[in-house]
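Structure first, then comments.
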Amino acid sequence: MILVAALVGYLLGSIPTAGWIGRAAGIDLQADGSKNPGANNARRLGGTRLAAAILIVEIGKGAAAVFAGVLIAGPAGGAAAGLGALAGNIYNAWYRFTGGQGLGISAGILTAAWPLYFPIPLAVIAAVAFKTRRTANAALAAMLVLIVGAGISFTTGYPAGWGLGDPESGLLALGMVVLITPKQVAKLRS
């Protein structure tokens, strides 16, 4: 059942909603700007309202995947579905296994899975993005915070809130780091 949860998560995460929303606004996110079908490119090409609409939908997809995974296979299914959704967003079959950066959907995944911890990486992303003006720097700093948080969670039993609990929330965080980091490192090099 955990594999079913991961597949459901992948399918939810891979729904090309950013592209659809962009096209509805008359913008092809994959043809213009950074060619990334995400909120940051949408902000550059279509403004804050378009970016906010895409971000809200991505957050919803991430949270929905975790909740669906929990219904399918319990907390382990929630973690698997969250990772599946993130993989679907980053390695999207609709976009020939390319896709977004995984940041918007990660916000929804963490909100559903680890709500008491989520404000910490969110604050780090905001602070680093404001200081450096680069989302890759902010995302990598947040990945470091997720690793530290997972370590603290494993050793102290930091509560997850209504989310998944231990060890699922910590394993989810580590899996997110593995999926997100390569794309962000590649962005820094470009």
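Some points to look at:
- Among the residues making up region 21-62, those that are free of Cβ contacts under 8 Å to residues at least 60 places away in the same chain and in a loop (DSSP other than H, G, I, E, B) are 25, 26, 27, 28, 29, 31, 32, 33, 34, 35, 47.
- Sole residue being more than 12 Å from the chain's Cα centre (by Cα), modelled with pLDDT of 95 or more, part of a helix (DSSP H, G or I) and of a type in the set (A, V, I, L, M), chosen from 76, 18, 80, 65: 80
- Of 116, 71, 110, all but one fail to be farther than 17 Å from residue 36 by Cβ and outside any helix (DSSP H, G or I); the exception is 116.
- Against the test of being touching a Phe, Trp or Tyr at 6+ places or on another chain (Cβ under 6 Å) and either more than 16 Å from residue 179 (Cβ to Cβ) or crowded, with 22+ Cβ neighbours inside 10 Å (or both), the options 152, 105, 109 yield a single qualifying residue, 152.
- Conditions (1) surrounded by fewer than 23 Cβ atoms within 10 Å (Cβ to Cβ); (2) in contact (Cβ under 8 Å) with a residue 40 or more places away in the chain; (3) among the aromatic types (Phe, Trp, Tyr): number failed by residue 114: (1)
- Hits in region 83-107 (condition: hydroxyl-bearing (Ser, Thr, Tyr), at pLDDT 85 or above and part of a helix (DSSP H, G or I)): 106
- No other residue among 39, 129, 51, 141 is of a type in the set (A, V, I, L, M, F, W, C), under 26 Å from residue 188 (Cβ atoms) and touching an Asp or Glu at 6+ places or on another chain (Cβ under 9 Å) apart from 39.
- All of (1) more than 20 Å from residue 15 (Cβ to Cβ); (2) out of contact with any Phe, Trp or Tyr (no Cβ under 7 Å at 6 or more places or on another chain); (3) touching a residue at least 24 places away in the same chain (Cβ under 8 Å); (4) not in a loop (DSSP other than H, G, I, E, B) hold for residue 176 with one exception: (1).
- Within region 48-59, being of a type in the set (Gly, Ala, Ser) and surrounded by 18 or more Cβ atoms within 10 Å (Cβ to Cβ) holds for 51, 53.
The values are calculated or read from the model by the stated rules, or taken from the named source; none is laboratory data. As the structure is a computational prediction, the values presented were derived from the model and not from experiment. Neighbour counts run over all protein chains shown; Cβ positions are idealised from the backbone, glycine included.
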